[in-house]
Amino acid sequence: MRCPYCGSLDTQVKDSRPTEDNTSIRRRRVCPDCGGRFTTFERVQLRELTVVKRSGKRVPFEREKLERSVKVALRKRPADEERVERMISGVVRQLESMGDTDIPSETIGEMVMEGLKQIDDVAYVRFASVYRNFREAKDFENALAELSHEGEARADGKGEAKAEAKARLEAKGRPPARGAE
């Protein structure tokens, strides 16, 4: 591994350990020439992916570019870094397991928007505004209406699940727990 400070090719690994989600290996390295210390990450790559842009241009998939775009959407938002990393790793695993090495950029964008929707609504709208190329305020209103509609559906689903659990308990002759109503 080349030293990022002096360019020396003779760096040494001082510590290796798996990341918290066990999807990569974190290595602490030191350069004996300049004394610089840095961290590298080693990840499994199942296959070489190619992104097919809307223009038809084909470029190699870069996880780092995906991470940067997600981090821009999440800038100044209270998001758990571990959860964000799991979301990004999940998107990459889904892409690698699709079977095809040519992935349309629209597919990646939709997967990222679904992941961001679960993490932070503001980040979702930020990402969608760039990905879907919002041009006017009505585009933002439509994205917010979509979020609101899905939030209501999730809330209704939770209410239905509580009602079903309550009915099952009552059918067994047991009263529901306090606060379950």
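Residues that are within 20 Å of the chain's Cα centre (by Cα), assigned by TED's automatic domain parsing to the domain that holds SER89 and of a type in the set (A, V, I, L, M): does the stretch 57-66 have at least one? Checked the stretch 57-66: at least one residue is within 20 Å of the chain's Cα centre (by Cα), assigned by TED's automatic domain parsing to the domain that holds SER89 and of a type in the set (A, V, I, L, M).
Can you pull out the residues in the stretch 36-67 that are part of a helix (DSSP H, G or I) and surrounded by fewer than 11 Cβ atoms within 10 Å (Cβ to Cβ)? Selection gives GLU64 alone.
Only one of the numbered conditions (1) of a type in the set (Val, Ile, Thr); (2) at pLDDT 90 or above; (3) surrounded by 16 or more Cβ atoms within 10 Å (Cβ to Cβ) is not met by VAL92, and that is (2).
Is it the case that GLY7 is outside any strand (DSSP E or B) and surrounded by fewer than 16 Cβ atoms within 10 Å (Cβ to Cβ)? Yes; evaluated as a whole, the condition is true for this residue.
Can you confirm whether VAL70 is in contact with a Leu (Cβ under 8 Å, 6 or more places away or on another chain), assigned by TED's automatic domain parsing to the domain that holds LEU95 and touching a residue at least 24 places away in the same chain (Cβ under 8 Å)? Criteria met by VAL70. When the stretch 118-138 is filtered for residues that are modelled with pLDDT under 80, assigned to a helix (DSSP H, G or I) and surrounded by 14 or more Cβ atoms within 10 Å (Cβ to Cβ), only TYR131 remains.
The values are calculated or read from the model by the stated rules, or taken from the named source; none is laboratory data. Being a predicted model, the structure only gives us computed values, none of them experimental. Cβ coordinates were reconstructed from backbone atoms using ideal geometry, including for glycine residues, and neighbour counts include every protein chain displayed.
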